[in-house]
1. So which residues in the stretch A:138-147 are in contact with a Gly (Cβ under 8 Å, 6 or more places away or on another chain), more than 7 Å from chain C (Cβ to nearest Cβ) and either outside any helix (DSSP H, G or I) or crowded, with 24+ Cβ neighbours inside 10 Å (or both)?
2. Restricting attention to the stretch B:61-82, which residues are at the interface with chain C (Cβ under 9 Å from one of its Cβ atoms) and part of a loop (DSSP other than H, G, I, E, B)?
3. Among the residues of the stretch A:76-99, which ones are of a type in the set (Ser, Thr, Tyr) and out of contact with any Pro (no Cβ under 8 Å at 6 or more places or on another chain)?
4. Among the listed residues C:Ala180, C:Ala185, C:Ala168, C:Ala164, which satisfies the condition of being within 19 Å of C:Ile95 (Cα to Cα) and of a type in the set (A, V, I, L, M)?
5. If you check B:Ala30, B:Ala24, which single one turns out to be within 7 Å of chain C (Cβ to nearest Cβ), assigned to a helix (DSSP H, G or I), touching a residue at least 12 places away in the same chain (Cβ under 8 Å) and among the small types (Gly, Ala, Ser)?
6. Please tell me if A:Asp99 is in contact with a Phe, Trp or Tyr (Cβ under 9 Å, 6 or more places away or on another chain), more than 26 Å from C:Leu60 (Cα to Cα) and either more than 14 Å from chain C (Cβ to nearest Cβ) or not in a helix (DSSP H, G or I) (or both).
7. Determine if the stretch A:114-128 includes at least one residue that is out of contact with any Gly (no Cβ under 8 Å at 6 or more places or on another chain), at negative phi and not in a helix (DSSP H, G or I).
8. What about C:Ala94, is it within 14 Å of chain B (Cβ to nearest Cβ) and either at negative phi or not in a helix (DSSP H, G or I) (or both)?
Amino acid sequence: MTSEPTPLLALDLTGTFAFGLNGALLAVRAARLDVVGVVVLGMITALGGGFIRDVMIGSLPPSTLLDWRYYTLAALGALIAFALSRHLRRIGKAITVLDTIGLSTFAVTGASTALDAGLGVAPAILLGVVTAVGGGTIRDTLVRQIPTVLRSGLYAVPALVGAAVTVATVEMGVYGLPAALGAAAACFLIRMLGLRYGLNAPEPPETRRGKESHGADV
Amino acid sequence: MTSEPTPLLALDLTGTFAFGLNGALLAVRAARLDVVGVVVLGMITALGGGFIRDVMIGSLPPSTLLDWRYYTLAALGALIAFALSRHLRRIGKAITVLDTIGLSTFAVTGASTALDAGLGVAPAILLGVVTAVGGGTIRDTLVRQIPTVLRSGLYAVPALVGAAVTVATVEMGVYGLPAALGAAAACFLIRMLGLRYGLNAPEPPETRRGKESHGADV
Amino acid sequence: MTSEPTPLLALDLTGTFAFGLNGALLAVRAARLDVVGVVVLGMITALGGGFIRDVMIGSLPPSTLLDWRYYTLAALGALIAFALSRHLRRIGKAITVLDTIGLSTFAVTGASTALDAGLGVAPAILLGVVTAVGGGTIRDTLVRQIPTVLRSGLYAVPALVGAAVTVATVEMGVYGLPAALGAAAACFLIRMLGLRYGLNAPEPPETRRGKESHGADV
């Protein structure tokens, strides 16, 4: 074990609850689903990233099915979001903040869990990103939206930074609650600043050159 | 083992065949695919839920790849549906009934298999639902439809009832072929009654209040 | 082990690089993503089929996360495609050829790996097809296109032939680099000839009969 269980678990549960709220609010707003659809989508958003991580490291059944706190928090978050959605005047803002909390915590716990499972530095960072964006990507695909990770460069990049800081602190032997919180905060700040100032990753040269050359030959 | 293998296997094979037919009929009707696409979609519908279940409990390779009856029945169902689709005057009705048979049988076998694998009561019920709706959800996503489990509250709820009855009878020590059939019948009846009388789960408060408040700020 | 590791690895790395290029070019052309989205889609296309294969045979973590050459080649292919896309006058043609290279190599390595893992003849062929079409299917679904494997009969069929030839040569005890290349070449030629001459698999009888009978009762 290269990490203490406590910061990992606390961050993981925070992210699960935030993603449960987030997925449910998005379901209420974007797809206008009934209560079952809202809860299903909230739970998928909250548990999907951890499922993919645990499948990839071969830790099955996934921890989120073995520990009742995960699926209970995911369902609870979704139900609260369903009940409160009427009173949220700026629901779009809440969706964004909750999504960024989930992204930040899961990038850290995903990378840390992958290292614990014996993966190397680069795959651990990769798996941190996948854990962070996985649940939201499944959610977006199910409601027929292009996933945020593909549309916005400043979605995967903050997760990559959070996962990389996590892996670096583990390798330097200083990983613990402060380091985990710092890595999550780095991810959170980059994502929120990117949204506020409309920063984006470079587009393909061809797209910059002009849109008129895009034929239908694909 | 908390269950006899026979009722499990018989129900599982029935569901596999029904979902193979169902997925193929839906492919013929909704997406107008060629014979390969129809068979692929039929097999994904039939085998997808079991794949997810076996991945989640770490029973790999999945039972549906180890036992020739599963993939043969899935492919056979899809080919029969492809050949017969011309003669089915009420193909929409057939799709619904076959889907409900698959839903009912997989909810029971999914929950029962999850208990056998050592999962707790709540995760076993959850995995029963996932096994029941998983194949159809992959199918819907591939042909770009919002999955039924998100659109209709009375799709996940019957599966939840079937899985819960299964888990209850296992816990009480009375699980066997009659209990399994009873659990599947409960799921089947709730789903069919819900469809007939147009029952639905509650919608979000906001949606009930009016549609004009839905901005584009998501 | 029924196969030497060398031909398997060389083919697998070739397919990974080709699919990395292919997924990225498609992302540039079809969905106009930024550099992060292009790399993510290239890596998903390159690594997705192998992920599904390794999950199905229970070989976790997947080989593509344990061996640095896989994810490095996938990312490198995607970055090269991003940089070169401006200079490719016939980008559609390049996408098709690269896709067929990935399809051919992964059909062979998928089937061969499945046999090594102890699966029977039919599931090994099935898993060869899934490995070949899996990454592209995830890619298509994420950018909201109906996957090629469903739309075009002559996409799964060449992969099926490549996988079947592989399994046959392993069973006859003559599998090795020449046999693997032959199986991949068979897949490649059938796919390219099918595209050139516009061959397609049979459509459902109902579709042939006329489009006006398609109601909205699904």
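The values are calculated or read from the model by the stated rules, or taken from the named source; none is laboratory data. Quick caveat: nothing in here was measured; it's all calculated off a predicted structure. Positions of Cβ are backbone-derived with ideal geometry, glycine not excepted, and every protein chain shown enters the neighbour counts.
1. Just the residues of the stretch A:138-147 that are in contact with a Gly (Cβ under 8 Å, 6 or more places away or on another chain), to begin with: A:138-139, A:147.
Now drop any that are not more than 7 Å from chain C (Cβ to nearest Cβ), which leaves A:138-139.
If the condition is that a residue be in contact with a Gly (Cβ under 8 Å, 6 or more places away or on another chain), more than 7 Å from chain C (Cβ to nearest Cβ) and either outside any helix (DSSP H, G or I) or crowded, with 24+ Cβ neighbours inside 10 Å (or both), then A:Arg139 is the only one that fits.
2. Of everything in the stretch B:61-82, those that are at the interface with chain C (Cβ under 9 Å from one of its Cβ atoms) and part of a loop (DSSP other than H, G, I, E, B) turn out to be B:Pro61, B:Pro62.
3. Of the residues in the stretch A:76-99, the ones of a type in the set (Ser, Thr, Tyr) are A:85, A:96.
Scanning the stretch A:76-99 gives a single hit, A:Thr96.
4. On the way: C:Ala180 fails: within 19 Å of C:Ile95 (Cα to Cα); C:Ala168 fails: within 19 Å of C:Ile95 (Cα to Cα); C:Ala164 fails: within 19 Å of C:Ile95 (Cα to Cα).
Exactly one of C:Ala180, C:Ala185, C:Ala168, C:Ala164 is within 19 Å of C:Ile95 (Cα to Cα) and of a type in the set (A, V, I, L, M), namely C:Ala185.
5. Numbers: B:Ala24 fails: within 7 Å of chain C (Cβ to nearest Cβ).
Selected residue: B:Ala30, the only one of B:Ala30, B:Ala24 that is within 7 Å of chain C (Cβ to nearest Cβ), assigned to a helix (DSSP H, G or I), touching a residue at least 12 places away in the same chain (Cβ under 8 Å) and among the small types (Gly, Ala, Ser).
6. Details: in contact with a Phe, Trp or Tyr (Cβ under 9 Å, 6 or more places away or on another chain): yes; more than 26 Å from C:Leu60 (Cα to Cα): yes; either more than 14 Å from chain C (Cβ to nearest Cβ) or not in a helix (DSSP H, G or I) (or both): yes.
So A:Asp99 passes the test.
7. Step one: filter the stretch A:114-128 for residues out of contact with any Gly (no Cβ under 8 Å at 6 or more places or on another chain), giving A:115-116, A:118-126.
Now drop any that are not at negative phi, which leaves A:115-116, A:119-126.
Right, trim to not in a helix (DSSP H, G or I) and you get A:119-120.
Within the stretch A:114-128 (the criterion being out of contact with any Gly (no Cβ under 8 Å at 6 or more places or on another chain), at negative phi and not in a helix (DSSP H, G or I)), the answer is yes, since at least one residue qualifies.
8. Details: within 14 Å of chain B (Cβ to nearest Cβ): no; either at negative phi or not in a helix (DSSP H, G or I) (or both): yes.
No.
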